[in-house]
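Report on the following structure.
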Number of protein chains: 4
Amino acid sequence: MTVELTGLRVFDLEQPRYHGAPMHPGHVPPGFTYVLHRRHEVQSATPDGRTASSGTLITSDHAGTHIDALCHQAVGLRLCGGVDAPAAATSFGYRELGVETIEPIVARGWLIDLGTVEPERWIGLDEVRRSADTQGVRPAAGDVVLVRTGAGARWDDPERYLRAAGMKGEVSQWLADTRVVAVGADNMAWDRASGDDPDTGVFLPGHSILLVRSGVYIIENVFLEELAAAGVHEFTFLCTPLKIRGATGSPVRPVALV
Amino acid sequence: MTVELTGLRVFDLEQPRYHGAPMHPGHVPPGFTYVLHRRHEVQSATPDGRTASSGTLITSDHAGTHIDALCHQAVGLRLCGGVDAPAAATSFGYRELGVETIEPIVARGWLIDLGTVEPERWIGLDEVRRSADTQGVRPAAGDVVLVRTGAGARWDDPERYLRAAGMKGEVSQWLADTRVVAVGADNMAWDRASGDDPDTGVFLPGHSILLVRSGVYIIENVFLEELAAAGVHEFTFLCTPLKIRGATGSPVRPVALV
Amino acid sequence: MTVELTGLRVFDLEQPRYHGAPMHPGHVPPGFTYVLHRRHEVQSATPDGRTASSGTLITSDHAGTHIDALCHQAVGLRLCGGVDAPAAATSFGYRELGVETIEPIVARGWLIDLGTVEPERWIGLDEVRRSADTQGVRPAAGDVVLVRTGAGARWDDPERYLRAAGMKGEVSQWLADTRVVAVGADNMAWDRASGDDPDTGVFLPGHSILLVRSGVYIIENVFLEELAAAGVHEFTFLCTPLKIRGATGSPVRPVALV
Amino acid sequence: MTVELTGLRVFDLEQPRYHGAPMHPGHVPPGFTYVLHRRHEVQSATPDGRTASSGTLITSDHAGTHIDALCHQAVGLRLCGGVDAPAAATSFGYRELGVETIEPIVARGWLIDLGTVEPERWIGLDEVRRSADTQGVRPAAGDVVLVRTGAGARWDDPERYLRAAGMKGEVSQWLADTRVVAVGADNMAWDRASGDDPDTGVFLPGHSILLVRSGVYIIENVFLEELAAAGVHEFTFLCTPLKIRGATGSPVRPVALV
């Protein structure tokens, strides 16, 4: 067996999912709704007294902890690899680069812990590399890199959460050059959720650099508090996006195994 | 590290997710819908030419490959452990035993491969144990057991898929007694999707035995064709249900690691 | 012909319907969402160049200008006429007293114009009757009575709109005793949307008096500004609730004909 | 008063609305779903014993009896009047010619009763005019013309309903030339729901002629059985589309007043 289960620690990296949790305004509506409509009730019991209950989920494909598919972003109406975005689009999703094309991610993972970064700040490469060096983080091709800004502790305060710090374009470029498979952070957009990169004047710089130019997935709203508290910086990272045909993203519950 | 990535094989156990895929009639409506509403288009580009696209997912919490939460079933209006089902229910899900209470599942997994079982047949314990013995399957407490009926190859034929064979109550009871964490199969309901267990006259016998009486999760519509073709019977099983607060189930993309 | 179209004036009594419009918090989620997913695009044109476009509506049955069905409210778990509410409920709506049982409403209508009433105030019967008398309003059995508080002019300010004045229970009782078919107002709940009737200590007093005890429908978020500006107090009122089987309410676009 | 209520007869022209009713395959998904999620239950009662119940509607804007907005159809990517369709489109509907721009329709209405027409047949102008003449139907500018094919009696048989007869392009052209405000029929698409007009080889010919070229609304799935049974051919027609901002259609419950 390639996984030793005895003594394995599993860190849950998903934020809880409910109406009222932080949501990027670009995805409201539809936001997030779960309604319970089929109830346990006497009148629908089987002869042995069994009843079933179920509900309906209505959600943006970018709600909560989620992964961005490559079709989520375009530059000059071209997706990653030059795919013609309007031509690939249908009423029900993309013919190419939809979230169902993401293989299950099982990779070496790294946590760069920046501590608690003040809100509304752009995080530069020097700062990220300094922490990485100190913490023994040495990402290589095929790895996944998670960055903690501390915002994940504020999931219960959507207004504050949306103002969290984000990565300058140069951070994204460094990781793209490293040829990681995916990056993630404990904020809404990896980049800052609003405002322009002070170096380049670009809004959501990492979204172009990573998804469109480099084919690197972005995982957003990752919960990193427990992983950081345990002082873990290297781990096995698992993330299994749902194969929603043609979708631009998927809710995920990533885990770190140590 | 407890996971050796070099040489690791990852088997994807999720069926593709799209409107028109097999669905238990009890969950239609709402069924499954994904619509792409936010398109890449020139008029919404940022100055650097970037555009974003996203969509809306409307789905039963029991669509496609999914896990049943304990609150999904009741007997005598009691959930697992005697929880009062009507009292625990709200418009937006259950206060107890919702799918968000399922820990990430990282466990030893076993595949019992019954080959291609004819449709509309109840599968008995002798048959299951015989295959298990032959295949070296020795489930213990805390493990996950998957059973292949071959129906997973017919996902593109919903009418046929819904007629797939399912487990007699005695199979569920054996696994419950073994104290596995979860069971799964490549059919709609683990049990047969319609009709009564010939031994006990009970509809969906495993749903009471496993979810209500034993606290064992059921994973449905698991894709097992590739795992079986590779002759794998023992593996590390990973499954990370989304923490949808109060929901009765969650879509999942389980994987087997070898 | 019973309708003389020449010279007929038609007053539109519906507020515009969009995400972000005022919504009672009890109906969020799901709130109101309309997404356009099927676009006009070259690749789906017929040979003669025709294309079609369509979208998806996801809405509370109590969003915007709407009518309350009798099954919307219960007292002691009994609907109007003593119907057992839990027994009548299904996952997909009520077996009895659903909105589809409301006949098209074509009735004599009356407008009682209270002017612009300050927010967060309970409106008493004396005040309503005084305006009615002054304005020549003499409701009788089978009529519809609309009351203007002026809040309808604030539809674009949801916070303010939700604080609008509402009717004391005694106003509802008077109209119930008059045996009108329906009442309506230019606020969220006919009653005040929050707080208790100062006379009786009851929250939403009109909802019990009208819907449960008297079988009188309530129409909410009616737009009355133009009707009032024209000084119209007597008119023909038309309102055609959608026959959504089992639903507890329906969006409507009532009109007044003069 | 311009409406004489005494002796007024009101004919309800809406088909009942439920999951499973006939639906054009182009609008599935999302189809039609209504779920009841907020139930009357003791634990949420106010001190005076009152409870509320409500649900969620998820529907195509072209489900059931509905009206097509002008933005629903384009030719050469131009809407009625030459509006650039892609430029007018947003994620949340059209900036121009959305269903909210339709005024309440209060007009003289005419019923042309073709009797029960066999399915899968294109109905020609001669046939329509002959019935019109016999029945005293003399449409003029500003009127609404409804045509009965008898399919409305088959609403409970979706497969049969979808095969109903429809109007040849020449019928649409005649009515467009007459400058009616709207047309309607008791079938899915006014035109036949599938197949090409035998004269012109065009699919859904009326959709271009009426909506794009002439600005005439189409009302589909109108229930005409009772109106026809009463032998009524001239009436006052009322139809109040919901002002769903930007939508391509709206559910409606038209009525005929006699």
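Sorted from shortest, what are the nm distances separating the label point of C:Gly124 from equivalent points in the other copies, each placed 7 Å from Cα along Cα to C-beta?
6.9, 7.6, 8.2
How would B:Val171, A:Val42 line up by accessible area, probe 1.4 Å, largest first?
A:Val42, B:Val171
Straight-line reach from C:Lys243: which aspartates and glutamates have Cα under 14 Å away, leaving out those fewer than 8 places along the same chain?
Candidates past the 8-residue exclusion: C:Asp61, C:Asp68, C:Glu96, C:Glu100, C:Glu103, D:Asp12, D:Glu14.
What aspartates and glutamates could a cross-link reach from A:Lys168, if we take a straight Cα to Cα line under 13 Å and drop same-chain neighbours fewer than 8 places away?
Excluding near neighbours in sequence, the set is A:Glu120, A:Asp126, A:Glu127, A:Asp191, A:Asp196, A:Asp197, A:Asp199.
Only four residue types carry charge here, +1 at the Cβ of Lys and Arg and -1 at the Cβ of Asp and Glu. Report the dipole size of region A:101-160 about the Cα centre in Debye, rounded to the nearest 20.
Once rounded to the nearest 20, the dipole reads 220 debye.
Share of antiparallel DSSP beta bridges in the protein assembly as shown, in percent to the nearest 5?
In the protein assembly as shown, DSSP labels about 70 percent of beta bridges as antiparallel.
Can you put B:His37, D:His19 in order of accessible area, largest first, using a 1.4 Å probe? Walk me through the intermediate numbers first.
Details: B:His37 5, D:His19 90 Å².
Result, largest first: D:His19, B:His37.
Grab the other residues whose beta carbon is less than 14 angstrom from that of B:Glu103, score K and R as +1, D and E as -1, and report the net.
-1
Set Lys and Arg Cβ to +1 and Asp and Glu Cβ to -1, take the dipole of chain D about its Cα centre, and tell me which of D:Val147, D:Gly49, D:Asn187 lies farthest positive.
D:Gly49
Quick one: helix C:125-134 against the long Cα principal axis of chain C, what's the angle to the nearest 10°, folded into 0 to 90?
Once rounded, one gets 80 degrees.
Calculate for chain D the 222 nm mean residue ellipticity that helices alone would give, adding -39,500 (n - 2.57) per DSSP H run of length 4 or more and normalising by residue count, nearest 500 deg cm²/dmol.
Working: 5 runs with 34 residues, N = 258.
My calculation for chain D gives -3000 deg cm²/dmol from helical runs alone.
Taking the label point as lying 7 angstrom from Cα along the Cα-to-Cβ axis, what are the distances from B:Glu225 to the corresponding position in the remaining copies, in ascending order and in nanometres?
Sorted ascending, the copy-to-copy spacings read 4.4, 4.5, 6.0 nm.
When Cβ neighbours within 10 Å are restricted to other protein chains, what is their mean count per residue of peptide A:71-78?
For peptide A:71-78, the averaged partner shielding equals 6.
In a GNM of chain D with a 10 Å cut-off on Cα contacts, which of D:Pro241, D:Pro47, D:Pro139 has the highest mean-square fluctuation?
Top of the fluctuation ranking is D:Pro47.
Roughly how big is chain B's charge dipole about its Cα centre, with Cβ charges of +1 (Lys, Arg) and -1 (Asp, Glu), in debye to the nearest 20?
It works out to roughly 540 debye.
Per residue of C:58-69, how many C-beta atoms from partner chains lie within 10 Å of its own C-beta, taken as a mean? Don't skip to the end; give the middle numbers.
Working: counts 12, 6, 7, 8, 4, 3, 3, 2, 1, 0, 2, 2.
Rounded to a whole number, the mean comes out at 4.
Treating only the Cβ of Lys, Arg, Asp and Glu as charged (+1, +1, -1, -1), what charge dipole size does the protein assembly as shown show about its Cα centre? Round to the nearest 20 debye.
Taking the Cα centre of the protein assembly as shown as origin, the dipole is about 0 debye.
When only DSSP loop residues count, what GluC sites (Glu not before Pro) in region D:81-156 have their Cβ near at most 16 other Cβ atoms within 10 Å?
D:Glu120
Around B:Glu14, with a cut-off of 13 angstrom between Cβ atoms, what is the net charge of the other residues, counting Lys and Arg +1 and Asp and Glu -1?
It works out to a net charge of -3.
Using Cα springs under 10 Å in a Gaussian network model of chain A, which residue among A:Phe235, A:Phe92, A:Phe223 shows the largest mean-square fluctuation?
Of A:Phe235, A:Phe92, A:Phe223, the Gaussian network model singles out A:Phe92 as fluctuating most.
How about region D:8-51: which trypsin sites (Lys or Arg not before Pro) there are in a DSSP loop, with at most 15 other Cβ atoms within 10 Å of their Cβ?
Within region D:8-51, the qualifying trypsin sites (Lys or Arg not before Pro) (loop, at most 15 other Cβ atoms within 10 Å) are D:Arg9.
Anyone know which of B:Leu57, B:Leu13, B:Leu204 comes out most mobile in the 10 Å Cα GNM of chain B?
B:Leu57
Placing +1 on the Cβ of each Lys and Arg and -1 on the Cβ of each Asp and Glu in region D:70-171, which of D:Val83, D:Trp110, D:Gln73 has its Cα farthest towards the positive end of the resulting dipole?
Looking along the dipole axis, the top candidate is D:Trp110.
Mind pulling the angle between the C-alpha long axis of helix A:169-178 and the longest principal axis of chain A? Nearest 10 degrees, somewhere in 0 to 90.
Helix A:169-178 sits at roughly 90 degrees to that axis.
For chains B and C related by rotation, which residue of B has the Cβ nearest the axis, and what is the rounded distance in Å?
B:His37, 2
Averaged per residue, what accessible area in Å² does the protein assembly as shown show with a 1.4 Å probe, protein chains only?
32
Applying 1/(1 + (r/R0)^6) with R0 = 41 Å to the Cβ-Cβ distance of D:Leu8 and D:Thr200, what FRET efficiency is obtained, to the nearest 0.05?
0.45
Answer with one residue from D:Ala165, D:Val252, D:Leu204: the one whose Cα lies farthest towards the positive end of the charge dipole of region D:165-258, charges on Cβ with Lys, Arg +1 and Asp, Glu -1.
Working it through, the farthest residue towards the positive pole turns out to be D:Val252.
Just checking the output field for B:162-174: average partner chain Cβ neighbours within 10 Å of each residue's Cβ?
Taking the mean over all residues of the peptide, I get 0.
For the protein assembly as shown, which whole percent of the accessible surface, found with a 1.4 angstrom probe, sits on carbon and sulfur atoms?
Result for the protein assembly as shown: 49 percent of the exposed heavy-atom area is carbon or sulfur.
Under 20 Å from a label point 7 Å along Cα→Cβ of C:Asp156: give me every residue in region C:217-250 with its amide N that close.
C:221-230
List the distances, in nm to one decimal, from the label point of D:Ser44 to the label points of the same position in every other copy, shortest first, placing each label point 7 Å from Cα along the Cα-to-Cβ direction.
Label-point separations across copies, in nm and ascending: 1.6, 3.2, 3.6.
What is the calculated FRET efficiency for A:Arg138 to D:Glu118, with r their C-beta to C-beta distance and R₀ = 60 Å, to the nearest 0.05?
0.20
With heavy atoms of protein chains only and a 1.4 Å probe, what residues of region D:85-102 have at least 20 Å² less accessible area in the full set of chains than alone?
Residues meeting the cut-off: D:Pro86, D:Ala89, D:Thr90, D:Ser91, D:Phe92, D:Tyr94.
May I ask what percent, to the nearest 5, of DSSP beta bridges between residues of region A:131-231 are antiparallel?
Bridges in region A:131-231 are about 20 percent antiparallel.
Roughly how many nanometres apart are two label points built 7 Å out from the Cα toward the Cβ at C:Asp177 and D:Ala230?
Each label point lies 7 Å from its Cα, and together they span 3.6 nm.
The values are calculated or read from the model by the stated rules, or taken from the named source; none is laboratory data. In this text the structure is predicted, and so the values were computed from the model without any measurement. When we count neighbours, we look across all protein chains shown, and the Cβ atoms used for this are built from the backbone with ideal geometry, even at glycine. Quick note on the areas: whole protein, heavy atoms, side chains included, nothing else; ligands and nucleic acids left out. Shrake-Rupley method; radii C 1.70, N 1.55, O 1.52, S 1.80 Å.
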